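Please treat every number below as a calculation from the coordinates, not as lab data. Not measured: the values here are computed from a predicted model. All Cβ positions, even for glycine, are placed from backbone atoms using ideal geometry, and neighbour counts span all protein chains on display.
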Amino acid sequence: MQWAERTWEELPGDLEAAANAAILPVGATEQHGPQMGCGMDAVLADKLCHAVSERTGIPMLPTMFYGCSIGHSRRWPGTIALQPITLITLVKEIGDWAYHSGVRRLFIVNTHVTNAAPLRCALEMLRAEHDDMMVSLVNSATVSARVREFHFADGGDWHANDAETSLMLATAPEMVRPEKLDASDDPDRTDGLVFSHPVNRTSRNGVTGAPSRASAEKGETWFGWMVEDLSEFMERGLKEEPPLPHSYFERGG
């Protein structure tokens with residue numbers, strides 16, 4: 001069900017079998033503290049959506065490895081960031097071409113928190129242009145209550161924390177430097193603040209949370225929850241129709 005591996009003759013049948021749905025994983029390439037590789041968000045997006053695609057039969061578009069990471073500043077090497085308008089444009093154009101290939105239900109799965117606003121803008125543009133296309137934006141860390149709970153357990157403004165490090169230990173251990181874990185913890189300093197500050201002003205090392213608590217065992221359980229809950233969410237979407245049939249473009253009484 002990997003879009004890039006299918007031929008133009010095969011994709012129409014793939015889409016028809018999946019209620020004309022497709023998954024677009026969107027990650028990022030950015031610093032993730034001294035203990036984890038910069039591609040963590042993109043690796044998670046790729047592995048999570050791959051597993052969900054296999055479980056649901058929904059074709060998966062190639063993962064986007066760059067995102068809106070400008071809030072990480074230039075303090076730490078490794079971040080390769082897109083401007084918000086660039087991410088909006090990329091996703092809008094990907095959605096346009098997916099539409100012309102037959103996609104009518106598009107699930108955008110986001111694994112990087114600050115991609116959310118640009119992706120929402122792209123969603124608005126796609127559904128305004130394509131009257132019969134439904135678009136869903138899913139932020140992986142909040143796909144369900146239990147998934148949200150473990151992501152936010154060690155900080156409201158978490159990054160490279162217990163959750164993310166555990167997920168990588170379970171699914172991509174080559175991304176983690178175990179010898180760095182105990183010294184990488186850094187607390188959330190954003191509670192009660194009025195302004196949204198960039199990471200260089202909220203973290204000493206790029207981390208917010210407690211990666212020292214991470215384990216592959218927790219990550220395996222948590223990744224299983226994410227696959228299960230995201231699959232269930234998408235399976236509901238395969239059956240959903242708009243509550244009313246009114247055209248976006250035609251005036252009504």
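Label points 7 Å out from Cα along the Cβ direction at SER101 and THR190: separation in nm?
Taking the two extended label points, one gets 3.4 nm.
Which value, in debye to the nearest 20, describes the size of the charge dipole of the chain about its Cα centre when Lys and Arg Cβ atoms bear +1, Asp and Glu Cβ atoms bear -1, and nothing else is charged?
So the magnitude is around 700 debye.
Among ILE70, ILE108, ILE58, whose mean-square fluctuation peaks in a Gaussian network model of the chain (Cα, cutoff 10 Å)?
Sorting by GNM fluctuation, first place goes to ILE70.
I'd like the orientation of helix 216-239 relative to the chain: the angle between its Cα long axis and the longest Cα principal axis, in ° from 0 to 90, rounded to 10.
It is inclined by approximately 20 degrees.
Return the long-range amide H neighbours of MET134 (sequence gap of 5 or more, or a different chain), with a cut-off of under 5 Å between placed amide H atoms.
Hits under the 5 Å cutoff: ARG105, LEU106.
From the backbone phi of segment 66-71, what are the Karplus-calculated ³J(HN,Hα) couplings (6.51 cos²θ - 1.76 cosθ + 1.60, θ = phi - 60°) in whole Hz, Gly and Pro given as x?
10, x, 8, 10, 5, x
For ASP188, enumerate residues with amide H under 5 Å from its amide H, sequence gap 5+ or separate chain, H modeled in the peptide plane.
Distant-sequence amide H within range of ASP188: GLY209.
Please list the non-local residues whose amide H lies under 5 Å from the amide H of THR79, H modeled 1.01 Å from N, same-chain partners needing a gap of 5 or more.
For THR79, the qualifying residues are GLN31.
When the Cα centres of segment 1-43 and segment 155-232 are compared, how far apart do they sit, in Å?
Taking the Cα centre of segment 155-232 as reference, the centre of segment 1-43 is 22 Å away.
Classify segment 168-253: rounded, prolate or oblate, from the alpha-carbon gyration tensor (a ≥ b ≥ c, eigenvalue square roots; a/c under 1.5 rounded; otherwise prolate if a/b is larger than b/c)?
Cα axes put segment 168-253 in the oblate bin.
Hey, of (i) 0.99; (ii) 1.55; (iii) 0.97, which did the structure itself give for Rg/Rh (Cα atoms, Kirkwood Rh) when calculated?
(i)
Provide the per-residue ³J(HN,Hα) series for segment 117-132, in order, calculated from phi with Karplus coefficients 6.51, -1.76, 1.60 and θ = phi - 60°, each as a whole number of Hz, with x at glycine and proline positions.
5, x, 5, 5, 5, 4, 4, 4, 5, 5, 6, 6, 8, 10, 4, 9
What FRET efficiency comes out for the pair GLU241/GLU54, r = Cβ-Cβ distance, R0 = 30 Å, nearest 0.05?
0.70
Pick from ALA170, ALA21, ALA183: which is most flexible by mean-square fluctuation in a GNM of the chain where alpha carbon atoms under 10 Å apart are linked?
With Cα springs under 10 Å in the chain, the top fluctuation among ALA170, ALA21, ALA183 is at ALA183.
Show that you can apply the helix-only estimate: for the chain, add -39,500 (n - 2.57) for every DSSP H stretch of four or more residues, divide by all residues, and state [θ] at 222 nm to the nearest 500.
Helix contribution divided over all residues of the chain: -12000 deg cm²/dmol.
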